[in-house]
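Below is one structure; the comments refer to it alone.
The values are calculated or read from the model by the stated rules, or taken from the named source; none is laboratory data. Since this is a predicted model, take the numbers as computed values, not measurements. Cβ sites come from the backbone with ideal geometry, for glycine too, and all protein chains shown count toward neighbours.
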Amino acid sequence: MGALALGAGAAASLWSVGASAQTPIRFTLDWRFEGPSALFLMALEKGYFKGEGLDVTIDTGNGSREAIPRVASGTYDMGFGDVNSLVRFRDENPTVDVKAIAMIYDRPPFSIVGRKSRGISSEVSSLRGKKFGAPAADAAYAQWPIFKAVNKIDEKEWNMRFENVGFPVREPMLAQGEVDAVFGFANSSYINVKSRNVPENDIVVMLMSDYGVELYGNVVMVNPKFMAEKPEAVRGFLRALVKGVRDVVANPAAATDLVIKRNDVARRDVELERLKMTLDQNVVTPWVKENGFGGIDKARFERAIDQIGLTFTYKNRPKTEDIFTDAFLPPAAERKVQ
């Protein structure tokens, strides 16, 4: 009996030590708890983060550009945000070494979403003379100067009008015909407009990546102080994340339930469609199937840096390794997803 009690006491002591050894990580999403957030919630729900000795809290965000200063300031240890905005941020703040450590959106969801009934088609020329809802903080709108340059668009000559609108009213304005098109993530704006009873055949999605824009999308980024002081925690986070992403790919319906659990005003059918669209268009791309989740093609990333430079004057043009490191990722064989 004494031995059993001693064993139980030792086990309790070990559990206490293990629990106290959990490294806290404050993580910010780019947006609300919607379909794509399941990519992170799964690892939390399944205990994969805890299995790596991490106590992870996940908070909602206010846009994929806003996540960057949150992480840079140390308010959050890690976050999910737009890598192209990170390139610009680092050039403007050269002493802040925020790094991207895992590519989540191999193909970015940056898009112009319009309506056929408002004269928008898949042709770039259909944008002439149109009115756009363009949130100032939106990462898709931030790429408009590149889209313009690549497609040789002159806003004045084309008589284009842009209205700075808030995120909450962007899709309602398009649904009500107050604007002809909006800038946004395809997996957000398309789904939101459709959910407002706009016929599917009236919605046009112009993915910028189909029109010569070679940029990447959202990444996991890490605060430099946290990266330097807790490298094993960063590695553990990514190991857990990869496991969670695999589970999401295998069962998007179950993953959507994790979103609904945290967002009681969300509609399950809408968020499931949003998640599937994100997986198909942005996450599980042909390149990712061949090379593994989380990494990048360095030659393409260099071209993306060049494209950013078409409309942004670098103080010091960065190299790929200044922005992105794969040093914390698991081996490629362990990052395969299908």
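If LEU39 meets every condition in (1) within 20 Å of ILE191 (Cα to Cα); (2) touching a Gly at 6+ places or on another chain (Cβ under 6 Å) apart from one, which number is that one?
(2)
Can you tell me which of (1) within 16 Å of LYS116 (Cβ to Cβ); (2) at pLDDT below 95 is the one LEU174 doesn't meet?
(2)
Just checking: which of the helices (runs of 4 or more DSSP H) contained wholly in region 162-231 hold 3 or more residues that are touching a Gly at 6+ places or on another chain (Cβ under 7 Å)?
Here the list reads 167-175.
Take region 108-147 and flag every residue that is basic (Lys, Arg) and either more than 30 Å from PHE80 (Cβ to Cβ) or modelled with pLDDT under 95 (or both).
Across region 108-147, the qualifying residues are LYS116, ARG118, ARG128, LYS130, LYS131.
LYS315 versus (1) surrounded by fewer than 17 Cβ atoms within 10 Å (Cβ to Cβ); (2) in a helix (DSSP H, G or I); (3) charged (D, E, K, R): which is the lone unmet condition?
The number of the failed condition is (2).
For region 99-142, which residues satisfy the criterion of being part of a helix (DSSP H, G or I), over 23 Å from the mean Cα position of the chain (by Cα) and among the hydrophobic types (A, V, I, L, M, F, W, C)? Before you say what the answer is, go through the steps one by one.
Step one: of region 99-142, the residues part of a helix (DSSP H, G or I) are 116-118, 124-127, 139-142.
Remaining after also requiring over 23 Å from the mean Cα position of the chain (by Cα): 116-118, 124-127.
Across region 99-142, the qualifying residues are VAL124, LEU127.
Which one is surrounded by the fewest Cβ atoms within 10 Å (Cβ to Cβ) among residues in region 201-230 that are within 27 Å of LYS116 (Cβ to Cβ) and touching a strand residue (DSSP E or B) at 6+ places or on another chain (Cβ under 6 Å)?
Only one residue tops the list, namely ASP202.
Give me the pairs: first residue in region 154-166 and not assigned by TED's automatic domain parsing to the domain that holds THR311, second residue polar (S, T, N, Q) and surrounded by fewer than 11 Cβ atoms within 10 Å (Cβ to Cβ), beta-carbon distance under 9 Å, and six or more apart or on different chains, which are they?
From residues that are not assigned by TED's automatic domain parsing to the domain that holds THR311, the pairs are TRP158/SER125.
For region 279-312, give me each residue that is part of a helix (DSSP H, G or I), free of Cβ contacts under 8 Å to residues at least 60 places away in the same chain and surrounded by fewer than 20 Cβ atoms within 10 Å (Cβ to Cβ).
If the condition is that a residue be part of a helix (DSSP H, G or I), free of Cβ contacts under 8 Å to residues at least 60 places away in the same chain and surrounded by fewer than 20 Cβ atoms within 10 Å (Cβ to Cβ), then ASP280, PRO286, LYS289, GLU290, ASN291, LYS298, ALA299, GLU302, ASP306, GLY309 are the ones that fit.
Scan region 167-191 for residues that are in contact (Cβ under 8 Å) with a residue 60 or more places away in the chain and of a type outside the set (A, V, I, L, M) and jot them down.
If the condition is that a residue be in contact (Cβ under 8 Å) with a residue 60 or more places away in the chain and of a type outside the set (A, V, I, L, M), then PHE167, GLY177, ASP180, PHE183, GLY184, PHE185, ASN187, SER188, SER189, TYR190 are the ones that fit.
In region 168-178, what residues are among the aliphatic types (A, V, I, L, M) and surrounded by 23 or more Cβ atoms within 10 Å (Cβ to Cβ)?
Residue satisfying the conditions is LEU174 alone.
Give the residue that is farthest from the chain's Cα centre (by Cα), with candidates limited to residues of region 318-327 that are loosely packed, with under 13 Cβ neighbours inside 10 Å and assigned to a loop (DSSP other than H, G, I, E, B). Please lay out each step first, then the result.
So in region 318-327, the residues loosely packed, with under 13 Cβ neighbours inside 10 Å come out as 319, 321, 327.
Those still in the list that are assigned to a loop (DSSP other than H, G, I, E, B) too: 319, 327.
Numbers: LYS319: 22, ALA327: 20 Å.
So the residue we want is LYS319.
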